[in-house]
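K.L.:
Take this structure first; my questions come after.
The values are calculated or read from the model by the stated rules, or taken from the named source; none is laboratory data. As the structure is a computational prediction, the values presented were derived from the model and not from experiment. Cβ coordinates were reconstructed from backbone atoms using ideal geometry, including for glycine residues, and neighbour counts include every protein chain displayed. To get the accessible areas, we keep the full protein, side chains included, count just its heavy atoms, and leave off ligands, DNA and RNA. Shrake-Rupley method; radii C 1.70, N 1.55, O 1.52, S 1.80 Å.
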Amino acid sequence: MFRNRYTSFNPHHTYIRHRHNKINKVSLQISNERNVSEDTPMENELDTEFEEHRLNEYDEFNNDDEFNNDNELDEPDEYGEFNEDGELDTEDELDEYEFDNEYELDESNINEDDYNDLDENEEGHDELDRNEEIIVDKSLKSEKFPYASGVFAPYFSNITEALMFCWIQKHNISTQAYDELVDIIHDPQFKSEDVVKNSRRFRKYRQRLPLLPIKSRQIHISSKKTPSTSKNIGNAYYFSITDIIHHILNNPLLFNHMYFGPGQEVTNNQELWHGNIWKESLRFGQASITIANDKYNSGDFVTYRESRESSKCIGRILAIIQQNNELKIKIHRVLLFSDLPRNLQSNDRKKRSEEGEVWFIDREMNDAVINIEPQAIVRRVPITILYDDNSIISRNLIKIREILYNYNGHWKLRDVKYSYRHPSEFAAFEEPASNLPVYKLYIDLYYDDFGTFRNVYHSLGGVYIQIGNMPFSERKQLRNHFVLGFVPFGGCFDEFIKPFITEMKQLEEGQIMDVQGHESLVIASVKRHGATRGCRTCNATKDTWTSNNLDLSLIARYNHLTDKQFNEISVAPTLTRCRELATEYGLRLQPPILDYLRWERHLQSPQDVYHATAGKVLRFLKMTIEAFTPEGKSAFITTWKTFEYPKTWHKLPNPISHIDSFMMSDCLRLAMIFPFILNRFLKHQHFKQAELTRLRLRMNISRNDLAINLWVRCWTIVAKTAAIAFKESFTEDDYVELRECLDNERKHLSEMFEEFESLPNLHINFHLVLHAKNYATLLNTSVGTKEMDVSLDLLKRYNTLFALRHLMDGGIDFRFSMSNSGFMNISHHLKRLISDWFIIKDKVNIRNDSNEDLNEVSYISSILLKKHINRRDINTSLLTNFRTELALAYEDLKKYTVPNNQPSFFKYASFVYTKENGDTIRCILHIGDVVSIDTDEFEEGFAIVQGIFYHQNDQRFAFIIVDWFESTNRIKLDCPIYKLRVENNWRKIFPISVVNAVNSVHFIHNCKDDECIGDNHDLRNNMYIRNMYYFKAV
């Protein structure tokens, strides 16, 4: 199980309390106060768990002794608001995928008595007398009081201080809330006489906002899921999907980020419109194209020429796409009899070909799908696909009844009914004849049944949507998860969602809406987020889930065949027979309510890659830890505690004592580094002999060391597979590599360990490549946040924030047909008040009191330096050849004179980086961070920051001093080994503007046996492993 919150009642069980050591002992002999996340979005998310941790951790930035003079570039102390890019904001409780039965994870039976000594070491209090009495809070001595006069002296200087202090203590006011109050009071426009004296009046003010109507309807409540005293009828509260869409389309900040158009053919597939679902669907992409005054629809069969000299070919228009800003036709090739392999050219097929039969080629085959110019189309051809064996058709018509495909290296033919129908066959769409703008919306529906109090009597079902027309960088933000409502305790999802289905059926036909002041036609279609139970993609039986001999094309679930199975269930003469058929087909007694919509139920409800991957990792992690001896567990904990983790990670729970507290992100993060941890400490005595013997017998190997190597190798495969599964973009070669990794992982885990045989999480490896191609990436098939704890009161609060967000984004209030300039400009003078709402986009730049003196470039701005370092604390080796190096750095800035001014060194820098797509992220650069640098001299390389300073020229210019990583062309654990170059013959000083990314890669010291002790690495060994399994989807 993955728990939402870790709570320990054992004083010996703790998290890691120290920040992980730097990759190298930096030249500056200072304490590196980190960890602020790099690549932080310019917006702030509602991330309660992570945010509380960061607010505490980053108090170091607000120290009273912080350096602050004319040489320092000041900034607001708000780092507690920073949020890691791609962080999972809320963790789900995770069960493994379940197909037929509840599939519970095995529990690790850990003997706590064996590890009391480990837990005591974690606390780090072994040397303290636990019976010693310590005063932890006391009053100041009188001589330490600051001078104060007045009636409140010596405690406070005036009545304002005294009253504010009492108010803060009485109501436990947070620092953030107080800071915002101070901003309000100090705002030039604030007037005390305008303050409303009765807070209840604000409740009436709320309804002045452009709120969405909250609707209510009664639904049945199951007595099986609620207390016996509960009523059998309850109220369900929800928003109208039409209202939500109308608000979104009239929010200019959202609308300007949304994409409406044909599917795009690109090299790096990242967005939903790069995937096959969007490209081929008439309801998402482009439905038709006019060529020589003739209209061709997606799904039509045509004849075409691949070149002017080639003969005519037959094909089907799979999609009308955009490639290099030009429209192209994606063609699915159709084969003639002569195109079939010789072994399949039977007399019967030859006779059928003479009667007009042709053949499809499986789309997974090379050259089965090609892109052609529109003018290559010759004419339309009528062809009938014989999905039904009983179809009666004229002998003179062209028809298709078989598909050529390759299975295990052999060419075979299968019935065409074992294929996915083109969207034009089940979700047809006719382009409107009017001249109205048409907006096709991709609605991603999410439903998660979760327990607010971990109790079956308090199980809520949060229902919310995302808009697939937004780019991934916008869609993943919590503020762009739009609440639809919630299913009350004991309520049925199907009954709750009926109003949504009714509205969606109307939106499928198209509705006229006012969009940005223009009358437009809005069309919407839905994709359903996959559940954690049931394989929606194939009919494989449990005993074959991880088999190597599955012909997936013959056992896959196809929409038209499932329709027939549901129909067969519905006409069964008895309820018993209905249940027998439902069990046989692996279906419910009735179709899901979403089947009333026009969609492909099996392709448009993909499995969740987060749950599937984290479930595999958790099972393997428990197995590995259980296989350790007590000595092995002690060595593992020692290595785990001192391992050089990526700097942007939060603290991880103890994998031995708190394995059942692991969340999805914990599992996925540990998978990235687990091979390196094992490689650093693992010896044969660390494994139980029985476990090694079992593995040796299963894999037919003779030695323990080979068994251990195989175990580590398996972890390497798991880590590599996870890394590519969570890539943010895919090329065609990446899809091939993904398939190879998934197959390799499935084979190794199922062959090596009995616990992985027929595991649902592993079976899903068969289908993930299909989902990745359909949705461009696997990240697009899931959502990092799936839980919103909403009730009527919270739904009202959400509604209020949604209305405020609409006004602040410049949205039009249609009651007055205008936007509000006051709300649109509020961020300029009350930035802190609105900068950390999960629903508001942070439009605030970092304050910079010395901006006019600071050099910036187009893609890096607001460069700020903090924590001044005294010259006596600077390692003199950093100043070797300093003037010469600095002159070269100035030349990069087109400056050719170097004033004789002394540099000022700092511990860290922050700056705003603008990506190519216009998105801005806030980066924090510390000494000891690994950066990616791109220069004409070095191209793109990796380096570790050893110093940060500014130098005064006509302006202040920020520079970094680095040591470079050099590739050695060697590998370890399938990862490249680099050498850290500390020689002075490599250039070291660069402008800070050359930094491409901060901590986007992870390097690990290549420790040798007994060479390094804990985190005290022997720096005479300057070899490092680049962790190729590091990814940032969590």
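K.L.:
Shape call for the stretch 945-1023 from the C-alpha gyration tensor, a ≥ b ≥ c root eigenvalues: rounded (a/c under 1.5), prolate (a/b greater than b/c) or oblate?
P.N.:
Prolate, since a/c reaches 1.5 and a/b exceeds b/c.
K.L.:
For the stretch 609-781, what D do you get in µm² per second when you plug the Kirkwood radius from alpha-carbon pairs into Stokes-Einstein at 37 °C and 0.692 mPa s? Could you put the intermediate results ahead of the total?
P.N.:
Values: Rh = 16.8 Å.
Estimated diffusion coefficient is 195 µm²/s.
K.L.:
Can I ask one more? Cross-link partners among lysines for Lys295, C-alpha distance below 19 Å, same-chain residues fewer than 8 apart left out?
P.N.:
List returned: Lys279, Lys328, Lys330.
K.L.:
Glu580: accessible area at probe 1.4 Å, nearest 10 Å²?
P.N.:
In the full protein context, Glu580 sits at about 90 Å².
K.L.:
Cα atoms only: what Rg and Dmax, in Å, come out for the stretch 860-1001?
P.N.:
15.4, 50
K.L.:
Over the stretch 142-188, what percent of the accessible surface lies on carbon and sulfur atoms, probe 1.4 Å?
P.N.:
Carbon and sulfur together cover 61 percent of it.
K.L.:
Shape call for the stretch 860-932 from the C-alpha gyration tensor, a ≥ b ≥ c root eigenvalues: rounded (a/c under 1.5), prolate (a/b greater than b/c) or oblate?
P.N.:
In terms of gyration-tensor shape, oblate.
K.L.:
Starting from the Kirkwood Rh over alpha-carbon pairs, what translational D in µm² s⁻¹ does the stretch 182-325 have by Stokes-Einstein at 4 °C and 1.567 mPa s?
P.N.:
Values: Rh = 22.2 Å.
D = 58 µm²/s.
K.L.:
Holding the Cα-Cα limit at 32 Å, pick out from Lys215/Lys651; Lys476/Lys616; Lys215/Lys1032 the pairs that are longer than that. All intermediate terms of the calculation are to be shown ahead of the outcome.
P.N.:
Working: Lys215/Lys651 42 Å; Lys476/Lys616 24 Å; Lys215/Lys1032 39 Å.
Exceeds cut-off: Lys215/Lys651; Lys215/Lys1032.
K.L.:
Would you mind putting 199-205, 244-250 in packing order, based on average other-beta-carbon counts within 10 Å, highest first?
P.N.:
Values: 199-205: 8.6, 244-250: 21.4.
Packing order, densest peptide first, comes out as 244-250, 199-205.
K.L.:
Could the peptides 206-218, 1016-1028 be put in order, highest first, of the mean number of other beta-carbon atoms found within 10 Å of their residues?
P.N.:
Taking the mean over residues of other Cβ atoms within 10 Å, the ranking is 1016-1028, 206-218.
K.L.:
Calculate how large, on average over all directions, the projected area of the Cα convex hull of the stretch 522-647 is; give the answer in nm² to one decimal.
P.N.:
Convex hull of Cα atoms, orientation-averaged projection: 14.2 nm².
K.L.:
Still on this model: Can you work out the accessible area per residue across the stretch 142-188, with the rest of the protein chains kept in place, probe 1.4 Å, in square angstrom?
P.N.:
Here the residues of the stretch 142-188 average 80 Å² of exposed surface.
K.L.:
Output needed: percent of Cα pairs per 5 Å distance bin for the stretch 288-425, bins running from 0 to the one holding the longest distance.
P.N.:
2, 9, 19, 22, 21, 15, 8, 3, 1, 0
K.L.:
Can you return the lysines within cross-link range of Lys350? Criterion is Cα-Cα under 17 Å, with same-chain partners fewer than 8 residues away left out.
P.N.:
Cross-link targets: Lys399, Lys412.
K.L.:
Now, a different point. Rg over Rh of the stretch 140-216, using C-alpha atoms and the Kirkwood radius, what does it come to? Intermediate results must be reported in sequence, preceding the final value.
P.N.:
Numbers: Rg = 18.8 Å, Rh = 16.3 Å.
Over the Cα atoms of the stretch 140-216, Rg/Rh equals 1.15.
K.L.:
Show me the ranking of peptides 303-314, 751-762 by mean Cβ neighbours inside 10 Å, starting with the highest. Don't skip to the end; give the middle numbers.
P.N.:
On the way: 303-314: 13.2, 751-762: 18.5.
Per-residue mean Cβ counts within 10 Å order the peptides as 751-762, 303-314.
K.L.:
Ile377: net charge of surrounding residues, Cβ under 10 Å, Lys/Arg +1, Asp/Glu -1, itself excluded?
P.N.:
Numbers: positive: Arg305, Arg379, Arg380; negative: Asp294, Asp300, Glu373.
Neighbourhood net charge equals 0.
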